[in-house]
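Data block below; observations after.
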Amino acid sequence: MEFKIITDFIREWYGGGDFIPLSVPVFAGNEKKYLNECIDTTFVSSVGKFVDRFEEDIARFTGCKRAVVCVSGTNALHISLMLAGVERGDEVLTQALTFIATCNALSYIGAVPVFIDVDRDTMGLSPAAVRNWLEKNAEIKDNQCFNKNTQRRVKACVPMHTFGHPVHLDELVAVCNEYHIELVEDAAESIGSLYKGKHTGTFGKIGALSFNGNKTITTGGGGMMLFNDEKLGAYAKHITTQAKIPHRWEFRHDHIGYNYRMPNINAALGCAQLENIDKYIESKRQTAAAYKEFFKNVPDVEFFSEPDGCRSNYWLNAIILKDKDMQQEFLQFSNDNGIMTRPIWELMNRLPMFENCENDGLENTIYFADRVVNIPSSVKI
């Protein structure tokens, strides 16, 4: 097909120019004001009013009981899995269609991923596929789930809301509860996304957000844990601050701790960004609507829309092409012509670190990997 009609539309939508990036941050509010305040007061490290305020603002925005900042989304997911009780040698059910951070976080603990297929309508972990794998491979002993083949405990399940599109959370919660598995949501890409009116990251034991530079809102680098258990959230804050016992001058620690606390200067950015998040998400949804209408008339290309009953933030817009050859040809043409596009990440089970991990065949996962291309998705202000 003639790819130029697609690149021309994208270039026109974003106002022309020689290069249209995939997703860039927007600083349209109080970012400079708050950063200057950090500098003027010298509170640029992990103590300062913006750290506490950012946690409170995110808790209010997402509807969770407590939010705890981290230096990165990967840190947030690492601690979330630890607090969910994942230990060395445990298995964690997750998807191969994800960014490497999902698997890195569980690998820090020494856990082992089991890759389960995604759904066609969400591009995220399939509850039906999870149930099917568990029915074939799992057994319950002493209210714990075990893999009959490996004898490892199956402790947690980590869905990732791909490109901001929520997975089928009600069904996934139900199957996890039935098999005594902790649900930890990788909501790194889905701030502002709702499943049946409720924010992603608030359905499981813990949820993890990311504020990397290309996310819907950014703190430069940063993450957040979302808790419905205030006591567990308080403990998370403690161990991510080197487990230091509060005292005016003594340095005493009561656990192995982590230096994962977000600096005040990053949180200042986050506070300013969050003030405009509704505008940013509305802009992204307008872009998605324009793409959806445009691609109705483009043969062999499908625009990926939000699942039924969901409100997606459309962090990255995705199109599904006819086959892998067409995908590769479009990636070559668009990038050669100043429109930044990219395929889905290399599937986790194809990486050398995880190639020997169990999977269920991953039919839909492979379908998407061979066809999906992300197209420019920056906020327009």
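Can you tell me which of TRP315, TRP345 is in contact with a Gly (Cβ under 9 Å, 6 or more places away or on another chain), assigned to a loop (DSSP other than H, G, I, E, B) and within 30 Å of LYS196 (Cβ to Cβ)?
TRP315
Restricting to region 168-214, count the residues that are under 30 Å from PRO21 (Cβ atoms) and of a type outside the set (Ser, Thr, Tyr). Working first, answer last.
Just the residues of region 168-214 that are under 30 Å from PRO21 (Cβ atoms), to begin with: 185-195, 199-201, 207-214.
Still in the running and of a type outside the set (Ser, Thr, Tyr): 185-189, 191-192, 194, 199, 201, 207-209, 211-214.
Looking only at that region, the number is 17.
So that you can scan it fast, the table gives a plain yes or no per residue for (1) in the same structural domain as GLU346 (by TED's automatic domain parsing); (2) crowded, with 23+ Cβ neighbours inside 10 Å; (3) without any contact (Cβ under 8 Å) to a residue 12 or more places away in the chain:
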| site | (1), (2), (3) |
| --- | --- |
| VAL69 | no, yes, no |
| SER80 | no, yes, no |
| THR102 | no, yes, no |
| LEU125 | no, yes, no |
| ALA138 | no, no, no |
| ASN143 | no, no, no |
| GLN151 | no, no, yes |
| HIS161 | no, yes, no |
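Matching residues to (1) within 19 Å of the chain's Cα centre (by Cα); (2) aliphatic (A, V, I, L, M); (3) over 30 Å from ASN335 (Cβ atoms):
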residue: ILE10; (1), (2), (3): no, yes, no
residue: ILE20; (1), (2), (3): no, yes, no
residue: PHE50; (1), (2), (3): no, no, yes
residue: PHE54; (1), (2), (3): yes, no, yes
residue: THR62; (1), (2), (3): yes, no, yes
residue: GLY85; (1), (2), (3): no, no, yes
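I need the full set of residues from region 280-337 which are of a type in the set (D, E, K, R) and within 20 Å of the chain's Cα centre (by Cα), in order please.
Hits for region 280-337 are GLU282, LYS284, ARG285, GLU306, ASP308, ARG311.
The values are calculated or read from the model by the stated rules, or taken from the named source; none is laboratory data. The shown structure was predicted, so the numbers you read here are calculated from the model rather than taken from an experiment. In this analysis, Cβ positions are derived from the backbone assuming ideal geometry, glycine residues included, and neighbour counts consider all displayed protein chains.
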